[in-house]
Structure formats: C-alpha cells, structure tokens
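In what follows, a single structure is set out as structure tokens and then discussed.
Only the coordinates and a few stated rules stand behind these numbers; no lab work does. Bear in mind the structure is a predicted one, so any value in this text is a computation, not a measurement. With ideal geometry, Cβ positions are generated from the backbone for all residues, glycine too; neighbour counts draw on all protein chains shown.
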Amino acid sequence: MIEGADEKHVREVCERFGERIKRVERIAQNQWLLLVDKNDVREVVSYVINRKDWGETQLSTMVGTDERPIRGRFSIIYWLSLNGGEGDVFIGVKAYLREEDLSYPSVTPEHPGASWYEREVHDLLGIEPEDHPDLRRLVLPDDWPYGVYPLRKDFDYTDSPRREFTEEDKYPYRKPPEGTVVHPLGPYHVALDEPGHFRLFVRGEEIVDVDYRLFYQHRGIEKIAERRLTYDQVNFIAERICGICGSSHAVAYAQAIETAGGIEVPERAAYIRTVMLEIERLHSHILNLGLACHDAGFDTAFMHAFRIREPVMWLAERLTGNRKTYGMVLVGGARRDFLDYRKGLIEKTLKRLKEEFREWVDSTLSTGTFVKRCEGVGVLSYRDAKRWSSVGPWARASGRNIDVRRDHPYAAYRDLDFKVPVYREGDVLARCMVRAEEVFESIWIIEQALDQMPGGDILADYREIPARKEALGYVEAPRGEDVHYVMTGDENTLYRWRVRASTYNNFPSLPDALRGNTIADAPLIIASMDPCYSCTERLQVVDVNTGRVTVVKEEELVRGCCRWE
Amino acid sequence: MALWEIIVPVSLVLTIAPILDGMGRKVKAKVQMRQGPPILQTWYDLTSLLSMEPILPTDGLSFRLAPYVALASAVAAATVLPYGGLSPLRFSGDFFVFLYVVAMVSIAYIVAGFSLPNTYTNAGANREMMMVLSIEPVLGVAIGILAINSHSLCLSYMPLHLHASPSIFLAIGLLAYAVYVEGGFVPFDAAEAETEILEGTLCEYSGRLLGVFKWALMVKRFVLLWLLGSFIVLPLTKGFPGWAVFLLQLTAVLAIYFAVVTVEAHNARLRIDQAIRMNTKVFLASLVVLLIASLGW
C-alpha cells in the first residue's frame, strides 16, 4: 500500500493504478492529494468519476496554478468528491507540467463536466488540454491579446493589455444547424437578471440547439486576492462575489483557510454561520421561486413571494446590521455574536414565514396555468446531470442525491437533522418542488440551531498560517456546492485562490435542458437553474435590493408593498 | 346624423380606455397586496410617450403606419356599437364590419412584426396570427348565433331583439370567452409576453409610435368589453332612458373588466400551443351551440 492511502476509496484508486500514483498526501481530515504523471490524469480522473458503485461522484473543482516561483513548474489538480453517502472524501488528482510543454490529455472527452475548467486554465494560464472538443475562449474578452495569461505570476494585476480586433476576428460562435435561425437571448434581456448571451438555434419556436457566451462580468478577483490582500481581507471580497449567496462564499473561503492552517472554529461560531447560511438559503429560494412565476407571466405569485421574503431580509438586518452581505464571517469564526434576546424575533419570523410560505406554495401549485407551464418543461435527465457534474437543486430535481451539508458536513450541520429532497422528473416543476421543500428544511434547521446554540467564544485564537498549505473549503450554497481552493503563501497572503461557484458546474448542462423546448420556455428554464452569473464569473455585485433601500424611505417601502404586523 | 354623434362616443372611448387600464392596474395591485400606481398612470405614461420622437429601426412604411392603422381600426370598431340610445354608425351588416376592423388591429400588429428582421417581433407576430386565427371564428360564431336569434345583422339592433333560449346564454358565454382571448388578457397574452419575447412586435417601437400602438390595443380591449357589456345590459333595459342605459353599460363594462383582471392576476401565461389547443376546443363547442341555435332552441 502506498503510504498515506489510509482510506478505503483512496486505497482502491492507489491499488488500481499502483506505481502510477507517485505520492499520496492527506492534506486534511477528508482531503487527499494523489500525485500522478500528467499523462495519467485523464485515466485516474475518469476512473474515479465513472466508477459505477461509487454513485454520486463528481468533479468538484479543478485548479491550475503557476507554481514556477516555488517549484519551477505549473500544476493542475482535479478535485473529485464522493457524495450520496459514499463517504466524506475529496480526492485531488495533481500533476505538474513543465513550462516548455504545457499540454496534457484533456479529461473532457471522458467527462464533459471538465470542459469549462480546462477552457479556463487554457485562457488564464496557457495550459493546453489535448483533444478538448471546444477550446474557444471562456473567460477572457475579445480585446485581450493572445499569449498573455493573467493568472501567471509574472503578470502583474495592474497590467491591462489590449489588442485591436477586427470583424473577422470576433468570437467564433457556432454556425446554426441547417434550417434554423438564431434567436439571440441576452446579454441584456428582461428575463435575465445578469448579462449572459444565449444563441438559441430555432426552427419556428422550437429550440434545436444552443450556443452561449458568458463571463461578461469577469473582473479577476482571484488575481487581486493573490499577494495583494491579507487572509482576512479576502474574506470580505469573497462575500462580495455574489449579491445573493455571499455568506456561502465567505464561509467556504474561511473554511479553506481554517483547514489549511489547522484552526479550530469555536462551536458557537459554527452555529452562527449555520444560521446565517440557512437564512441566506431562505431568501434565495423564495426569490428564485418568485422569479420563476414572473417568467411564466404569473405576477401575483411573484409579488407575494417578494412580500413573504421581505421579513427574512429584515431579520438578517436585525441580526447582522445588513440585509445582505452580512460581514459575519472571519477566518477562525464569526465577527459578531447573536444577542440572546433576538432569539424571540427569529422564532417569530420563522413561524410567520412557515405559515405564509405554506399558503403561497399551495395557492401557486393549485394554479393550473402555472403548473401547465412548468410540467415536463426543460427536462434534464439524470445521465446529463451526472455527466456535467451538476449540483444543487438543479441536480437534485434530476435525481442526483447529493447535498454537501449531509455528505461533507461542515459548520454545525453534523449535529442537525434535515431531509434532502430529491425528485426524478428533472423538469421545472421538480426544481420548484425541491426549492419549496428546502425552504421548510431550512426553517427546521434554524429552529434546531437556535435550540442547541452553545455558548462560548466566537473567534478562534490563531497565530500564523503556515505557507504552501493546500486545502478545500466547501458549502452547500442555495444553488449547490460552492468550492474554494486555497494555497497559502508568505506574509499573511494567499498564493492561489480558486473560487468555484455552483452555477459553474450547472451552466454547461443548460443546453441539454433547453433542447426541444420552445423559446417561450427558455427564460423559465434558465431561471429554474437559478443561475448566478456574477458568482460564476467572480466579481463584485451590489445587490439591487440593498441599493434600493437607501433611495426609498423605509416607511414608504413598508406602506407600499407589505402589511407586516 | 349630426357630427357630434360620432365625435362624442369616439372621444369618450379614447379617453376612457386608458383610465380603464389604470383601474385594472390598481385592482391587480390590490390583489397582489401592493399600493399600485394612481388610476391616471396609464394616461401619464401615454402622454409622455406621445410627446417623444420614436426611434425607427427601419425605413419601411408598414412599420410606421401600423400603429395608426391599428388605432383607426379600433376606433372604427367603436363607432358601430350602441352607447345608450346612441349608435353613431349603425347600419344593417355592421356586424361584419365590426369583426373585420377588430381583426385589422391584429393584422396591423402582425404586419409590423413581420416588417423587421428581428426574431422577437417575428415571434410576436407569429403568435398573434395563430391567436387571431384560432379565436376570430369563435367570435364570429358567437355573434352569428345572436344574429340568428335576433334576425338582424346590426350590432345595436341585435341585443334589443333577442328572445330567451338556451343557445343565447351559451352564445353570451362564448362571446365572453372570445372577448377575453381577443383582448390578450393573461393567460392569453403570449403575443405580447414581456419576459419571453420582450413584448413581441412592440419591442422595436418607441416614443409616439409605441404610444399610439398601446392606445390602439387599449381601445380594442375597451371595444370588446363594451360589446360584451352591451349584450348583457341592453336586453334587460328595454324602455329605459338612454342615459340610464349608458350608465348601466358603463357599470357592466367596469364590473366585467374587474372580473377579468382578477382572473388575470390568478393565472400564469399559457404557451401559444396550449392556448391554441384550448381555443380549438372552444371553437368545436361553439359549432355545437350554433347547431342548437339553428334548430331554434
């Protein structure tokens, strides 16, 4: 047995590949790094992902790093996670690439879910995955010069290179299939809340195929975080990656650093994080359900969803000082404590929410026209969900029994009881059902957490975080698994930070769900994925809701839209 | 016939239609537990649109003319309807003219939508076409039954000479359905769906032209509701003074409109194929009613 392979699954991989696994390193309690030759990457990764008896295995993230200043080489790591009760295991398959020869066999032909990751390292680091079916630019804009790789260490974050580009040199969109026309959707479209460009190839109203382009909002915050910001500062940037699931990113980042630095988070802080994460899930899910109704032309349910959601925002404001972007998470714990007398407020809000949301679900699902629009629309098969490594409600509605909170418990989830709703239908209705059930589960989780909330400190005391430590942090965000990879650096800064938001794994599967539907359903299907472009593209967003409160007086808002108390 | 007999009803229709829309917005807001905009908001929107220069995406004449054709057709439809004791352009056979000019509004919408190389306007035009083709027959059959029953082809004469029979009640029901669908109310608003196709044909319109087009669609809705209201009120108010009949008509239209808006607020939009399937079923049912009516029941 190879030294370090002290877990059943890791051992099996090592036994299967023998000598070709050069080194095994257990970098955390549930994380193993297997070092292989670059030519073996494809085989090892596809072996783990496609093992039938390991069920819900998936590609959780993939990181490319310019390790030339430390080791003189580039590195790539494919992080695979085992889910669905298979065990709390993350396996990283790592290989080094020499600068003279940055090509290696692509994993995409074996597992399409690797496609975006490989396009990204191709864009940002100049790594060449061989046999990749589609190496068009993913992240970089059209006016970025060829051969300049922003994530390389010799590229300074202040540089802003440009190139002139001509009409012929524009982004190579796919040609529409014979007999179809292009129906462009976005980058600006009323039903898309953020910029994303879809080219629907339609015959009449039927969608035959789809091409898309994203990353209009890429701002390179990973680059800024490396070397320029301290560990604690990055925490606040991480929270601002998303206007909806900021807390998830902040917790995922903090957990990665804590794992790397061996920091023990006080129990009370873990509970506070849990409560904030679930509050975030509540308002995110209700928002998405409301938007689904809006896209189906059912504005009454949309308005009521926002009315019901508003008290959750107020609750967050009372607990943390902010409706959104709570600023509650620090490496090592939480920044502010919950005041005990707020407990009553939380309970009251939740009780009311439970009743109102129950009513909302009942009345929405008894609206025949709405159900007609959702049933059997935008079906994503289990096979497709698996081959794209889809996550979150999008995957659970297609029968993937995965949930990071249960499969890889973090914060206080180990102590809490909750169900993971899974549906088989894979249509828009199933996604709505998953989200609706998760809202009730979240309420139940918060109630338990409040009951069991331990006392004590909220911030761990730690001195120094050692350099060159690698670790993953992961959170079940409202849209699915968020994974942050960190490699620590010198002088209280990161060497490498890789953010992988849930939508990053879901987006590539969208064409499969769109094909065969009509353009009438396209916005609804896209919304049912609950896409979060800004997370995926990693930038800072200002939440529209927060912006608005500063403009409109609160009493006006209250008078205008709600009858709370 | 005096000129005022035309000018008064026409300006009344042009004025009331946007106010009615404003009231609908208010009712919807109440259902949604919002405060909603003031009742005159649609008028404010309209006046500001009418004062703005449009941006033209094409030099085509059909694109520029379509809103005016639509408005003119909708107004023309209004002139053959009875307003209390007054019916501006009544003549035998105006029933056909009514059907024709109501369809003209949609045809203007369709022509405008197809006049541009834009998949959104094309989709809107396409949907409107399918919608019109599937609902106009129902409207025609419904009024046809009423014509058979009253032995008249004049819209202001018909309601006064109906005799009660089962087919009449069914025909009024069919008329209500046709008015609802033809008016483009949710769930039958696929042709102007904002979240799906950016309001279809209207997405390329702006400024004055957009204002005129929206006005035309509002007048069309009002005219359709007035037709339905008249068929309900006039048979019951024979012998009433003209002003009383008019007020009752107005009340009936308001009541119908509020009911329509409430139904609207409680529904999602049907996809065009689903809407067509429903219209087809109703059309088949209307043929059965026509058969009953022709047997004299």
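Under the definition of partner shielding as Cβ atoms of other protein chains within 10 Å of a residue Cβ, what is the mean value for peptide A:294-306?
Mean shielding count: 6.
Around A:Asp295, what is the net charge, scoring Lys/Arg as +1 and Asp/Glu as -1 over all other residues with Cβ under 13 Å from its Cβ?
Cβ neighbours under 13 Å give a net charge of -2.
Taking beta carbons within 10 Å but only from partner chains, what does the mean come to for residues B:189-197?
Mean partner-chain Cβ count within 10 Å for B:189-197: 6.
Find out how many positive minus negative residues lie around A:Gly473, taking Lys and Arg as positive, Asp and Glu as negative, among other residues whose Cβ is under 10 Å from that of A:Gly473.
-2
If Rh is defined by the Kirkwood formula over all Cα pairs and Rg also comes from Cα, what ratio Rg/Rh do you get for the range A:130-226?
1.03
Relative to the first principal axis of the alpha-carbon coordinates of chain B, what is the inclination of helix B:207-233, with its axis defined by its Cα atoms, in degrees from 0 to 90 and to the nearest 10?
Here the helix axis deviates by roughly 20 degrees.
Calculated from DSSP H runs of 4 or more alone, at -39500 (n - 2.57) each and per residue, what is the 222 nm mean residue ellipticity of chain A, nearest 500?
Here the helix-only value at 222 nm equals -12000 deg cm²/dmol.
Determine, for each peptide in A:166-176, B:112-122, B:245-255, B:41-51, the mean count of other beta carbons within 10 angstrom over its residues, then list the peptides with the highest first.
Listed from highest to lowest mean packing, they are B:112-122, B:245-255, B:41-51, A:166-176.
If one puts a single equal scatterer on every Cα of the range A:8-137 and applies the Debye formula without solvent, what log₁₀ I(q)/I(0) results at q = 0.11, 0.12, 0.14 Å⁻¹?
Taken in order of the listed q values, log10 I(q)/I(0) reads -0.36, -0.42, -0.58.
Counting Lys +1, Arg +1, Asp -1, Glu -1, what net charge surrounds A:Asp512 among other residues with beta carbon under 12 Å of its beta carbon?
Charge balance near A:Asp512 sits at +2.
Can you give me the relative contact order of the range A:8-137 as a percent, contacts being Cα pairs under 8 Å and 6 or more apart?
It rounds to 22 percent for the range A:8-137.
Which residue, chosen from A:His484, A:Thr65, B:Ser11, occupies the Cα position most advanced towards the positive end of the dipole of the protein assembly as shown, where the dipole is computed from +1 (Lys, Arg) and -1 (Asp, Glu) charges on Cβ about the Cα centre?
Comparing the listed Cα positions along the dipole, B:Ser11 ranks first.
Please work out the Cα center distance from the range A:441-512 to the range B:148-162, rounded to the nearest Å.
Comparing the Cα centres of the range A:441-512 and the range B:148-162, I get a distance of 74 Å.
For the ranges A:236-247, B:75-86, what's the packing order if you count other beta-carbon atoms within 10 Å of each residue, average per peptide, and put the highest first?
A:236-247, B:75-86
Just to be sure I understand the model, the point goes 7 Å from the Cα along the line to the Cβ. What's the resulting A:Ser366 to A:Arg228 distance in nm?
Distance between the two pseudo-spin positions: 5.5 nm.
If you take the charge dipole of chain A about its Cα centre, with +1 on Lys and Arg Cβ and -1 on Asp and Glu Cβ, which of A:Leu472, A:Gly186, A:Ala513 is farthest toward its positive end?
The one lying farthest along the dipole's positive direction is A:Gly186.
Tell me which of B:Gly184, A:Trp144, A:Ile127 sits at the most positive position along the dipole axis of the protein assembly as shown, charges placed on C-beta atoms (Lys, Arg +1; Asp, Glu -1).
Working it through, the farthest residue towards the positive pole turns out to be B:Gly184.
What lysines sit close enough to B:Lys220 to cross-link, taking a C-alpha to C-alpha distance under 29 Å and skipping anything fewer than 8 places away on the same chain?
Hits, sequence-local ones excluded: A:Lys372, B:Lys26, B:Lys28, B:Lys30, B:Lys238, B:Lys281.
Among rounded, prolate and oblate, which fits the protein assembly as shown when a ≥ b ≥ c are the square roots of the eigenvalues of its C-alpha gyration tensor, a/c under 1.5 means rounded, and a/b larger than b/c means prolate?
The shape class here is prolate.
Other chains near A:189-196: what is the mean number of their Cβ atoms within 10 Å of each residue's Cβ?
Mean inter-chain Cβ contacts per residue within 10 Å come to 2.
What is chain B's relative contact order, in percent, from Cα pairs under 8 angstrom and six or more apart in sequence?
27
In Å, what Rg and Dmax follow from the Cα atoms of chain B?
My reading of the Cα-based Rg and Dmax gives 18.8, 57 Å.
Can you tell me the FRET efficiency between A:Asn492 and A:Lys351 if r is taken as the Cβ-Cβ distance and R0 is 35 Å, rounded to the nearest 0.05?
0.20
Along Cα→Cβ, 7 Å out, is where each label goes; now give me the distance between the ones at A:Arg98 and B:Lys281 in nm to one decimal.
For A:Arg98 paired with B:Lys281, the spin-label model returns 7.2 nm.
What is the magnitude of the charge dipole of the protein assembly as shown about its Cα centre, with +1 placed on the Cβ of each Lys and Arg, -1 on the Cβ of each Asp and Glu, and no other charges, expressed in debye to the nearest 20?
Using only the charged Cβ atoms, the result is roughly 1760 debye.
Evaluate the charge dipole of chain B about its Cα centre and quote only its size in Debye, nearest 20, assuming +1 on the Cβ of each Lys and Arg and -1 on the Cβ of each Asp and Glu.
My answer is approximately 600 debye.
Is there a quick way to get the dipole size of the range A:121-273? I mean about its Cα centre, with the Cβ of Lys and Arg at +1 and of Asp and Glu at -1; what is the value in debye to the nearest 20?
So the magnitude is around 380 debye.
Are there trypsin sites (Lys or Arg not before Pro) in the range A:308-363 that DSSP puts in a loop and that have at most 16 other Cβ atoms within 10 Å, and which ones?
The qualifying sites are A:Arg336.
How far is helix B:4-31 tilted off the main Cα axis of chain B, in degrees rounded to 10, range 0 to 90?
70
When B:Trp297, A:Trp79 are ordered from fewest to most other Cβ atoms inside 10 Å of their Cβ, what list results?
Listed from fewest to most nearby Cβ atoms, that is B:Trp297, A:Trp79.
What is the spin-label model distance, in nm, from A:Glu425 to B:Leu12 if the labels are put 7 Å beyond Cα along the C-beta direction?
Between A:Glu425 and B:Leu12, the simple spin-label model gives 5.0 nm.
Provide the packing ranking of A:388-397, A:213-222, i.e. peptides ordered by the mean count of other C-beta atoms within 10 Å per residue, highest first.
Order by mean packing, descending: A:388-397, A:213-222.
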